[in-house]
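What follows is one structure encoded as structure tokens, with my remarks underneath.
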Amino acid sequence: MGPRLGRVAVAGLCLALLAGAAELARARQPDTGPGPMPTEPPPAPDIPPPPVIDQAQPPVERSTPVPDEPPPTRVRPRAETPPPPQPKALAEPPPGPPRPVRGVVAILQVLDKVTAETLQFEAPVGKRIRYKTLVFAVKVCETRGLDDPQPRPSAYVLIDSQAGAIAGRAPPPAKQVFKGWMFANGPGLHPLEHPVYDAWLVSCGAAVPGA
């Protein structure tokens, strides 16, 4: 084979390669053929035209929405307060024991232990009465339960011991030998303690007329 034929064979080979490459490129390109027909869009809904604002009228103010207010609280009626209790009238205290009845004289009795002589005499309240060397002074004489079957006389008595005055001499000073209450129903409760005389209360009564 001559050199000319060799060049022709190489040129033919090159053309064949170029044709194959072109076919391969067309095969790789996307199909641009006619596709499906596009569908028509749906008709638009009827939209009302915007309202025409009359320029002569003032614009309408929009009211602000008021939030929902809670319902008013139900007020319960107040219970009537009862009036304060009125202070009760103080009950009268029960009657106490009757007061003792006071007499104007005390009836006393004296015993001389040496001679066994007894003497009952009246001693006016507030005056001094002498019996031998004893001087009696009754301050109070009263009787409790005067209407009772057994009344209870009592007397507050002062007794002094004083010797009689001697002619031409001053009397000796008196010495108190008893001071306290005497009880007719209990002569031994508060007795006179004297070596020669005993004395006790008999009762309380009125003064003897003309005494």
Percentage, to the nearest whole number, of Cα pairs in the stretch 118-211 over 24 Å apart: 26
Trypsin sites (Lys or Arg not before Pro) restricted to the stretch 90-136 and DSSP loop, no more than 12 other C-beta within 10 Å: Lys113, Lys127
Electrostatic dipole magnitude of the stretch 128-167 [Cβ: Lys, Arg +1; Asp, Glu -1; Cα centre; debye, to 20]: 220
Segment Glu193-Ala16, length gained on full extension (0.36 nm per residue, minus Cα span): 45.4 nm
Förster-model FRET efficiency, 25 Å R0, Arg128 and Asp148, C-beta, rounded to 0.05: 0.20
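Readers should treat all values here as calculations from the given coordinates under stated rules, not as data from a laboratory. Values in this document were obtained by computation on a predicted structure and should not be read as measured data. Using ideal geometry, Cβ is built from the backbone for each residue, glycine included, and neighbour counts are taken over all protein chains shown.
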